[in-house]
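The values are calculated or read from the model by the stated rules, or taken from the named source; none is laboratory data. Keep in mind that this is a model prediction, so the values were computed, not measured. Neighbour counts run over all protein chains shown; Cβ positions are idealised from the backbone, glycine included. Protein only, heavy atoms only, side chains kept; ligands, DNA and RNA dropped before computing areas. Shrake-Rupley method; radii C 1.70, N 1.55, O 1.52, S 1.80 Å.
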Amino acid sequence: MTENSSTAASAPLVGLRVLDISTLFAGPLAATFLGDFGADVIKVEHPRKPDAARGHGPAKNGVNLWWKTLGRNKRTVTIDLGSRDGAELLLALVAEADVLIENFRPGTLERWGLGPEVLHDANPRLVIARVTAFGQFGPYSNRPGFGSLAEAMSGFAALTGEPDGPPTLPPFGLADGIAALATAYAVMVALRGAEATGRGEVIDLAIIEPILMLLGGQITAFDQLGTVQPRTGNRSVNNAPRNVYRTADGDWVAVSTSSQSIAERVLTLVGRPDLVAQPWFGSGHERAQHADELDDAVGAWIAARSTDEVVRLFEQAQAAVAKVLDVSGVLADPQYAAIGTVQTVDDDELGPIRMQNVLFRLSGTPGGIRWAGRQHGADSAEVLAEIGVTPEQLAALRERGIV
């Protein structure tokens, strides 16, 4: 396999082996985050039913483009886990692994003879991350579910959209992405526990929960005050002005005033120090009650100026503003370029391709993209040879549809 950017031997997760037997987004993306920092991630897919993520989104020349990011830094192997011989192959892989990530409906692994007890018999130190829509128990646990249901159930959709419009779901896998971050964090916490105790454990992560945690103090506010936060469009109930405004060029810019000092700078910049002097201006929550007046002042000032002038004057005033970018704007933005947010990767199928870089920069043990998502089963021979499967045995397993 071709490595496209060097991940030094000192990368923090080198030596960690992760079995990714999950599908679609939350589980696989968590494994991607671990692979980005050196973990040896083995992606296990059904021989005849590849991960459905390979069919999501646009493709070029029959090659799925989202998979190139989601499947990066993973070796791909095919095993029919529902067969007895396939289960035995997985247990042999488990014996040499540190982490297993799965997202089958509760009870599926147990039905295949691969429940946590069996997995821990094969490797007591194994960390097992079980990622499902609703968790491993409870009245909804056996329902099929995806991130969109979590965005609905968590309260996110109820908060999103215009006040007189319907609840709005995001046009991308927001809840799955948040759950993936939470899963990667949970895996590292559990690995630290395994270091201390010598025993692995089971992570039960419900996709409906991490996104709920990020929605702020709404549960406590309802519990103590009986209040339900309404939909406010691009406004905030916590501060104002906070919105998107159109410039004279027809571009949109976002303005935020989460701190009092920034709010004062913005209104002074737009020529309205009289509003800063109002008694209600000293509280973000009270400013939000006067959002119409504040939006009128800021919006009129921005509408009379070019985008470059607005950004320049905000920057001079040390006030917070940003252009609303689409993906073409992201790729052209100098800040993203300066911090290396987008990486070019040499791919065996498509040649040079660009994708998001690793999530953060470490000064001493950086991560990296070693290769983009590989073809279905590309590494089966290599991975299975590592657990003693000979070429003759591999051929027989392929003939029977096990791999």
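Would you check if Ala381 is surrounded by 12 or more Cβ atoms within 10 Å (Cβ to Cβ) and outside any helix (DSSP H, G or I)? It is false that Ala381 is surrounded by 12 or more Cβ atoms within 10 Å (Cβ to Cβ) and outside any helix (DSSP H, G or I).
Pairs are defined by a Cβ separation below 8 Å, a sequence spacing of at least 6 or placement on different chains, a first member in region 25-42 that is open to solvent by 10 Å² or more (accessible area, probe 1.4 Å), and a second member that is in a strand (DSSP E or B) and aromatic (Phe, Trp, Tyr); no pair meets this definition. For Ile353, the test of being surrounded by 14 or more Cβ atoms within 10 Å (Cβ to Cβ), under 24 Å from the mean Cα position of the chain (by Cα) and within 30 Å of Lys68 (Cβ to Cβ) is passed.
Among the candidates Ala396, Ala338, single out the residue that is more than 30 Å from Asn239 (Cβ to Cβ) and assigned to a helix (DSSP H, G or I).
Ala396
For region 97-118, a residue qualifies if it is more than 20 Å from Pro144 (Cβ to Cβ) and touching a strand residue (DSSP E or B) at 6+ places or on another chain (Cβ under 6 Å), and the qualifying residues are Ala97, Asp98, Val99, Leu100, Pro116.
For Asp223, state whether it is out of contact with any Gly (no Cβ under 9 Å at 6 or more places or on another chain), closer than 30 Å to Ala179 by Cβ and acidic (Asp, Glu). In short, yes. Taken across region 78-94, residues that are open to solvent by 30 Å² or more (accessible area, probe 1.4 Å), touching a strand residue (DSSP E or B) at 6+ places or on another chain (Cβ under 6 Å), within 24 Å of Leu350 (Cα to Cα) and not in a helix (DSSP H, G or I) do not occur at all.
Give Ile387, Ile369 a once-over and let me know the one that is surrounded by 14 or more Cβ atoms within 10 Å (Cβ to Cβ), touching a helix residue (DSSP H, G or I) at 6+ places or on another chain (Cβ under 6 Å) and not in a helix (DSSP H, G or I). Selected residue: Ile387, the only one of Ile387, Ile369 that is surrounded by 14 or more Cβ atoms within 10 Å (Cβ to Cβ), touching a helix residue (DSSP H, G or I) at 6+ places or on another chain (Cβ under 6 Å) and not in a helix (DSSP H, G or I).
Being under 25 Å from Arg17 (Cβ atoms), without any contact (Cβ under 8 Å) to a residue 60 or more places away in the chain and open to solvent by 50 Å² or more (accessible area, probe 1.4 Å) is a property that Tyr185 has. Please go through region 211-243 and pick out each residue that is open to solvent by less than 20 Å² (accessible area, probe 1.4 Å) and part of a helix (DSSP H, G or I). Within region 211-243, Ile211 is the sole residue that qualifies. Can you say whether Ser10 is assigned to a loop (DSSP other than H, G, I, E, B) and open to solvent by less than 10 Å² (accessible area, probe 1.4 Å), as far as the supplied structure shows? Here the answer is no, as Ser10 does not meet what is asked. Say we look at region 95-106 and pick out the residues that are open to solvent by less than 30 Å² (accessible area, probe 1.4 Å) and closer than 19 Å to Phe137 by Cα; which of these is farthest from the chain's Cα centre (by Cα)? Selected residue: Pro106. Of everything listed in (1) in contact with a Gly (Cβ under 7 Å, 6 or more places away or on another chain); (2) farther than 26 Å from Pro163 by Cβ; (3) surrounded by fewer than 18 Cβ atoms within 10 Å (Cβ to Cβ), the single unmet condition for Ile207 is (3). Checking each residue in region 75-106 for being in contact with a Gly (Cβ under 6 Å, 6 or more places away or on another chain) and within 18 Å of Leu126 (Cβ to Cβ) picks out Ile79, Ala87, Ile101, Asn103. Can we say Arg199 is of a type in the set (D, E, K, R), open to solvent by 20 Å² or more (accessible area, probe 1.4 Å) and free of Cβ contacts under 8 Å to residues at least 12 places away in the same chain? For Arg199, the condition - of a type in the set (D, E, K, R), open to solvent by 20 Å² or more (accessible area, probe 1.4 Å) and free of Cβ contacts under 8 Å to residues at least 12 places away in the same chain - is not met.
Each row is one residue, and each column tells you yes or no for (1) under 18 Å from Gly27 (Cα atoms); (2) of a type in the set (Val, Ile, Thr).
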position	(1), (2)
Pro166	no, no
Gly173	yes, no
Ala180	yes, no
Ile219	no, yes
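Within region 109-120, one or more residues are touching a residue at least 60 places away in the same chain (Cβ under 8 Å), farther than 20 Å from Leu13 by Cβ and out of contact with any Cys (no Cβ under 7 Å at 6 or more places or on another chain). Output yes when any residue across region 41-52 is under 24 Å from Pro210 (Cα atoms) and either hydrophobic (A, V, I, L, M, F, W, C) or out of contact with any Ser or Thr (no Cβ under 9 Å at 6 or more places or on another chain) (or both), and no when none is. Within region 41-52 (the criterion being under 24 Å from Pro210 (Cα atoms) and either hydrophobic (A, V, I, L, M, F, W, C) or out of contact with any Ser or Thr (no Cβ under 9 Å at 6 or more places or on another chain) (or both)), the answer is yes, since at least one residue qualifies.
Take region 323-340 and flag every residue that is surrounded by 15 or more Cβ atoms within 10 Å (Cβ to Cβ) and either modelled with pLDDT under 95 or out of contact with any Asp or Glu (no Cβ under 7 Å at 6 or more places or on another chain) (or both). Once the filter is applied, which keeps residues that are surrounded by 15 or more Cβ atoms within 10 Å (Cβ to Cβ) and either modelled with pLDDT under 95 or out of contact with any Asp or Glu (no Cβ under 7 Å at 6 or more places or on another chain) (or both), region 323-340 yields Asp333, Tyr336.
For (1) more than 20 Å from Ala180 (Cβ to Cβ); (2) among the hydrophobic types (A, V, I, L, M, F, W, C), each residue gets a yes or a no:
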{"residue": "Lys60", "(1), (2)": "yes, no"}
{"residue": "Trp67", "(1), (2)": "no, yes"}
{"residue": "Leu70", "(1), (2)": "no, yes"}
{"residue": "Thr78", "(1), (2)": "yes, no"}
{"residue": "Leu89", "(1), (2)": "yes, yes"}
{"residue": "Glu102", "(1), (2)": "no, no"}
{"residue": "Leu114", "(1), (2)": "yes, yes"}
{"residue": "Phe137", "(1), (2)": "yes, yes"}
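Looking at Ala297, Ala263, just one residue is open to solvent by less than 50 Å² (accessible area, probe 1.4 Å), in contact with a Phe, Trp or Tyr (Cβ under 9 Å, 6 or more places away or on another chain) and in a helix (DSSP H, G or I), and that residue is Ala263.
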